[in-house]
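To start, the structure itself, in C-alpha cells.
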Amino acid sequence: MQLPAGDLVGRHVLLGLSGGVACYKGADLARELVKAGATVQAVMTESACRFIGPATLQALTGRPVFTSQWDPRQPNGMAHIDLTRSADAVLVAPASADFLARLAQGRADELLSLLCLARPRERVPLLVAPAMNREMWSHPATQRNVAQLRADGTVVLGPAEGEQACGETGDGRMLEPAELRDELVGWLQPKTLAGRRVLVTAGPTFEAIDPVRGITNLSSGKMGFAVARAAAEAGAEVTLVAGPVALGTPRGVRRIDVASAEQMLAAVLPLARTHGVFVATAAVADWRPVEVAAQKIKKDGSGEAPVLRMAENPDILATVARLPEGERPYCVGFAAESHDIVRHAREKRLRKGVPLIVANDGPAAFGSDHNALVLVDAAGEQALPAGDKRVLARLLVAEIARRLAAA
Ligand code: CTP
C-alpha cells in the first residue's frame, strides 16, 4: 500500500481573500494548497476583487468563486452556512486591517466576515494572515483587534517583517504562500504530543581529516527533519541537532547545528535529560581520524598516500539509552540496513537497549523523498505503508505518541 503524498489530501479549505496588494500571493497560496492535495473554495471580498480577478482564483481552484452573500447560485440562498459546513479550516489570506476590525467586532455585512462568524467554531479553525502597511499593523486599533481575535480563538499567522509594496520596510508583510500552507498543515494535525519535549538528531556527521577534507556519508537529513516537523505539528516542543545538511529548519523547531559525532554527542547529552523523547535519525559516522591535520595535507611527491589512523565514534543513541531511569528519555533508533533489514534491526534494538527501532532500507532511502519503515519493538514488527517521508514521519510520531500514552 502506498500512502498519498500530499499534506492536504482529503482536506477542504475555505480560502478567503480580503483587499490588499498581497492578493497576488493569495492566488499563489491557492495553488500551493491545491498542489498539496486540498480542495479549495475561494471567497473574495469586493475590495479583494479590485486587486485580482475572481477568474484567476476560479482557474487555480477549479471552482467558481463566491463574492457575495446574495449569490443566487446557492439554492437555499445560504452561502455563509453551506460553504463552512464542509470546510476543514477557514484561512483568510490576505487579511486586511479593515477585515481584522470587522472580525473583531463580529460584523456580518458581507460574505467573508459573515461566514467566519457563522462557521462551526469547535470544528472549523479560523486562521488569518494579516497583510498591511507597517503603520497600520502597529496602530493601537489594529493591535487591539488582533488581541481580541486571539482571545476569541482565531489563529494569527505572521505577519513577517520586510520590504512592503508601499516602499516602506517593517512588520506587516504577509507570510509567503509556502509558509502559510505549512502552518495550515500543522494546525490540522492531531496534538498527540502536546506538552512533550522531543529531541531529534538528523543528517550525516562530518569527521575532519584536515581543514578542507573529511569523512561523511550520503544521509540527506530529510527523514530526521520530517520527524522534527511532525513532532512540532503534533504539539511537541522540538529540538533538532543537525549534522551538515542543506535543509531549512521546520517552523517552530529549535535547531542546533553540529559537524562531528563528538560535537553531536556533546550537544545531545545535556538536552536528553530535559526531553521526554529522543529520536536518533542521524547517520553518525562510525569512525573519525585520530589526528586532524592543522593544515591541508599535501602530496609529498613519493606517490604514497597518507595513512589515516581511525578511532571509533561514541554511540550517541546507546549513550542516551544508558542514562539512569528518570533522566532517560523514551529512545527511538533508526536502523539503515542494506539486507536482512528486520533481523539486523532486532539485534540493533537489543544491542542499543532502546524500546523502539525504526528499520529502513538505507541505500534506497538516502537522499530520497520516499521511504518504507518497519517498526521493531518488544512486541514484534509492524510495517508502515511506503510513502513520502513527511507523511511517514507523521505516522511514526503517532506511533510514538501511542506508545508513550500506553506506558
Ligand atoms: N547511532 C548513534 N551514534 C552512533 C551510531 C549510530 O546515535 N555512533 C544511532 C543512529 O542515529 C541510529 C542508530 O544508532 O538511530 C543505528 O544506527 P546505524 O548506523 O544503523 O547503526 P550502527 O550502530 O552504526 O551499526 P552498524 O554500522 O553495525 O549497522
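Extension gain E381-S68, at 0.36 nm per residue separation less the Cα-Cα distance, in nm? Could the numbers behind the result be given before it?
Working: separation 313, 0.36 × 313 = 112.68 nm, distance 5.49 nm.
Working it through step by step, the gained length comes to 107.2 nm.
Find how much the distance from D82 to V155 grows on full extension, using 0.36 nm per residue of separation minus their present alpha carbon separation; answer in nm with one decimal.
On the way: separation 73, 0.36 × 73 = 26.28 nm, distance 2.23 nm.
That works out to 24.0 nm of additional length.
Net charge around H275, counting only other residues with Cβ within less than 12 Å of its Cβ (Lys, Arg = +1; Asp, Glu = -1)?
Values: positive: R196, R197, R254, R273, R328; negative: E237, E327.
After counting each charged neighbour, the total is +3.
With each pseudo-label sitting 7 Å past Cα toward Cβ, what's the D286-V21 distance in nm, one decimal?
Result for the modelled spin labels: 5.8 nm.
Relative to the present Cα-Cα distance, how much length would full extension add between R50 and T319 at 0.36 nm per residue of separation?
Working: separation 269, 0.36 × 269 = 96.84 nm, distance 6.15 nm.
Extending this stretch completely gives an extra 90.7 nm.
So if a site counts as exposed when it's one of the GluC sites (Glu not before Pro), its DSSP state isn't H, G, I, E or B, and it has at most 12 other Cβ atoms within 10 Å, what's the longest stretch of the chain without one?
Working: sites that count: E122, E168, E291, E304, E325, E327.
Answer - 169-290.
If neighbour count is taken as other Cβ atoms inside 10 Å, put C331, C166, C23 in order from fewest to most. Please list the in-between numbers first.
Values: C331 24, C166 13, C23 27.
Fewest to most other Cβ atoms nearby, the residues stand as C166, C331, C23.
When the scattering of the range 133-181 is computed by the Debye formula from its Cα atoms alone, each counted once and equally, what is log10 I(q)/I(0) at q = 0.15, 0.18, 0.20, 0.31 Å⁻¹?
Cα-only, vacuum Debye calculation for the range 133-181: -0.44, -0.61, -0.73, -1.10.
Using square roots of five times the C-alpha gyration tensor eigenvalues, list the equivalent-ellipsoid semi-axes of the range 49-135 in whole Å, biggest first. Walk me through the numbers before you get to the answer.
Details: eigenvalues 83, 62, 34 Å².
Equivalent ellipsoid of the range 49-135: 20, 18, 13 Å, largest first.
Which value does Rg/Rh take for the chain over its C-alpha atoms, Rh per Kirkwood?
Numbers: Rg = 25.3 Å, Rh = 23.7 Å.
When Rh is taken as the Kirkwood radius, the ratio is 1.07.
Could you derive backbone 3J(HN,Hα) for the range 15-21 from the dihedral phi with the Karplus parameters 6.51, -1.76 and 1.60 (θ = phi - 60°), listing whole Hz in sequence and x where the residue is Gly or Pro?
9, x, 10, 10, x, x, 4
Can you give the FRET efficiency for M310 and H370, using 1/(1 + (r/R0)^6), R0 = 51 Å, r = Cβ-Cβ distance, to the nearest 0.05? Could the numbers behind the result be given before it?
On the way: r = 33 Å, r/R0 = 0.65.
Calculated value: 0.95.
Could you check the simple spin-label distance between L395 and R144, using points 7 Å along Cα→Cβ, in nm with one decimal?
5.2
Once you have the alpha carbon radius of gyration of the range 283-350, what is it after dividing by 2.2 N^0.38 Å, with N set to its residue count?
Numbers: Rg = 18.5 Å, N = 68, 2.2 N^0.38 = 10.9 Å.
In units of the globular-protein estimate, the range 283-350 measures up at 1.69.
Given the chain, what percent of its DSSP beta bridges are antiparallel, to the nearest 5?
On the way: 21 of 64 bridges.
Taking every DSSP beta bridge within the chain, about 35 percent pair in antiparallel fashion.
Considering only Cα-Cα distances, which of the following residue pairs are longer than 26 Å: K222/K299; K222/K348; K35/K191; K348/K389?
On the way: K222/K299 37 Å; K222/K348 22 Å; K35/K191 24 Å; K348/K389 22 Å.
Violating the 26 Å Cα-Cα cut-off are K222/K299.
Given the range 1-41, report the % of alpha carbon pairs whose separation exceeds 15 Å. Could the numbers behind the result be given before it?
Details: 357 of 820 pairs.
Percentage above 15 Å: 44.
Calculate the radius of gyration of the Cα atoms of the range 85-132 to one decimal place, then report Dmax, the largest Cα-Cα distance, as a whole number, both in Å.
When restricted to the Cα atoms of the range 85-132, Rg and Dmax are 10.3, 30 Å.
What trypsin sites (Lys or Arg not before Pro) does the range 6-78 have in DSSP loop regions with at most 12 other beta carbons within 10 Å? Display every interim value, and only then the final one.
Numbers: sites: R11, K25, R31, K35, R50, R73; in loops: R11, R73.
Those that pass, being in a loop and sparsely packed, are R73.
About its Cα centre, how strong a charge dipole does the range 57-127 have in debye, to the nearest 20, once Lys and Arg get +1 and Asp and Glu get -1 at the Cβ?
Details: 8 positive and 7 negative charges, 28 e Å.
Magnitude of the dipole: close to 140 debye.
Separation between the A406 and I297 pseudo-spin-labels, each 7 Å from Cα along Cα→Cβ, expressed in nm?
Modelled inter-label distance: 4.9 nm.
Let me have the 222 nm mean residue ellipticity of the chain computed from DSSP H runs of 4+ only, each contributing -39500 (n - 2.57), with the sum over all residues rounded to the nearest 500. The partial results should precede the final answer.
Details: 15 runs with 143 residues, N = 407.
Result for the chain, helices only: -10000 deg cm²/dmol.
For a quick check: with amide H placed at 1.01 Å from N, whose amide H comes under 5 Å from A208's, ignoring anything fewer than 5 positions away on the same chain?
Amide H neighbours of A208, under 5 Å, 5+ apart: I215.
Given H placed on each backbone N at 1.01 Å, which residues far from A335 in sequence or on other chains put an amide H within less than 5 Å of it?
Result for A335 returns V358, A359, N360.
Using alpha carbon centroids, what distance separates the range 68-145 and the range 158-211, in Å?
The two parts, judged by their Cα centres, are 25 Å apart.
Rounded to whole Hz and in sequence order, give me ³J(HN,Hα) for the range 168-184 from the Karplus expression 6.51 cos²θ - 1.76 cosθ + 1.60, θ = phi - 60°, writing x for Gly and Pro.
Here the 3J(HN,Hα) series is 8, 10, x, 6, x, 6, 5, 4, 5, x, 5, 5, 5, 4, 5, 4, 5 Hz.
Considering the dipole of the chain built from charges on the beta carbon (Lys and Arg +1, Asp and Glu -1) around the Cα centre, which of L269, L308, L396 is farthest to its positive end?
L396
Using the Cα centre of the range 288-376 as the reference point, and only Cβ charges (+1 on K/R, -1 on D/E), how large is the resulting charge dipole? Debye, rounded to the nearest 20.
Working: 13 positive and 12 negative charges, 31 e Å.
Dipole of the range 288-376, to the nearest 20 debye: 140 debye.
Once Rh is set to the Kirkwood radius over Cα pairs, what Stokes-Einstein translational diffusion coefficient, in µm²/s, holds for the range 83-227 at a temperature of 10 °C and a viscosity of 1.306 mPa s? Let's see the in-between values first.
Details: Rh = 18.1 Å.
Value of D from the Cα-based Kirkwood radius: 88 µm²/s.
Fewest first, what order do I357, I52 take by the number of other Cβ atoms within 10 Å? If you can, show how the numbers build up before the last one.
Numbers: I357 27, I52 17.
The order, fewest Cβ neighbours first, is I52, I357.
What size of dipole, in debye to the nearest 20, comes out for the range 30-187 about its Cα centre when the only charges are +1 on Lys and Arg C-beta atoms and -1 on Asp and Glu C-beta atoms? Provide the component values of the computation, followed by the final result.
Working: 16 positive and 19 negative charges, 95 e Å.
I would put it at about 460 debye.
Provide the per-residue ³J(HN,Hα) series for the range 295-302, in order, calculated from phi with Karplus coefficients 6.51, -1.76, 1.60 and θ = phi - 60°, each as a whole number of Hz, with x at glycine and proline positions.
In residue order, the calculated couplings are 10, 4, 6, 9, 5, 9, x, 7 Hz.
Tell me which residues come under 5 Å, amide H to amide H, from W287 once H is placed; ignore anything under 5 positions away on its chain.
For W287, whose amide H was placed from the backbone, the distant partners under 5 Å are N313.
No lab work stands behind these numbers, since they all come straight from the coordinates. Remember, predicted model here, so these are calculated numbers, not experimental data. Every residue, glycine among them, receives a Cβ derived from its backbone with ideal geometry; neighbour counts consider all protein chains shown.
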